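Shown next, in structure tokens, is the structure this report addresses.
Nothing in this text is a laboratory measurement; each read-out follows from the coordinates by a stated rule. Quick caveat, the model's predicted, so the values are computed rather than measured. Quick reminder, even Gly has a Cβ in these numbers, built from the backbone with ideal geometry, and neighbours come from all protein chains shown.
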């Protein structure tokens with residue numbers, strides 16, 4: 001293995017450890033965290049991120065139907081009001097963070113305490129930053145979400161038939 005490849009692997013392991021610590025140390029439910037992560041993965045177009053599901057979220061009730069709800073979260077009957085608020089936050093955090101206003105923060109506060117809001121922000125920052133890195137430095141590996149589309153249309157986590165489950 002080249003020194004560049006081993007360095008990349010070492011960095012990948014450190015990023016995974018950091019992300020795991022954020023996810024596992026949160027007061028937020030694993031299902032909610034996974035919905036946040038997958039919605040941001042869609043905006044980032046991070047193929048590895050869209051191809052993975054975390055076992056804790058599946059154990060907490062994340063289903064394929066819930067993932068499919070990410071296509072149009074505000075219209076989804078199987079998402080809670082808290083999940084819809086978090087997904088509205090995810091959309092804006094990933095695409096236009098300066099548009100997050102007091103109205104959206106107040107909507108989040110209807111469902112989350114201050115500590116949970118801080119955790120939500122830290123998780124969103126982690127997912128946006130490292131997800132964009134994953135999209136840019138994709139490496140071309142095969143992922144369940146498939147290769148980038150030749151026509152430039154976006155890949156989506158709700159199109160993954162057999163995601164990789166990480167426990």
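For segment 40-58, backbone nitrogen atoms closer than 20 Å to the point 7 Å from residue 78 Cα along Cα-to-C-beta are found at 40-42, 50-58.
Straightening the chain between residue 167 and residue 103 buys 19.4 nm, computed as 0.36 nm per residue apart minus the Cα-Cα spacing.
Counting only alpha carbon atoms, the long axis of helix 3-24 and the longest principal axis of the chain meet at about 20°. Cα axis of helix 81-95 to longest principal axis of the chain: angle in degrees, 0 to 90, nearest 10? On a 0 to 90 degree scale, this one is about 50. Using all pairs of distinct alpha-carbon atoms, the Kirkwood hydrodynamic radius of segment 116-158 works out to 12.3 angstrom. When the alpha-carbon atoms of segment 1-74 are used, the pair Rg, Dmax equals 14.4, 47 angstrom. A P(r) calculated from all alpha carbon pairs of segment 62-137, with 5 Å bins opening at zero, reads 3, 15, 23, 24, 22, 11, 3, 0 percent.
At 10 °C and 1.306 mPa s, what whole-number value in µm²/s does Stokes-Einstein give for the translational diffusion of the chain, with Rh from the Kirkwood sum over Cα pairs? The estimated diffusion coefficient comes to 97 µm²/s.
Over the chain, Cα pairs under 8 Å with separation of 6+ residues give a relative contact order of 37 percent.
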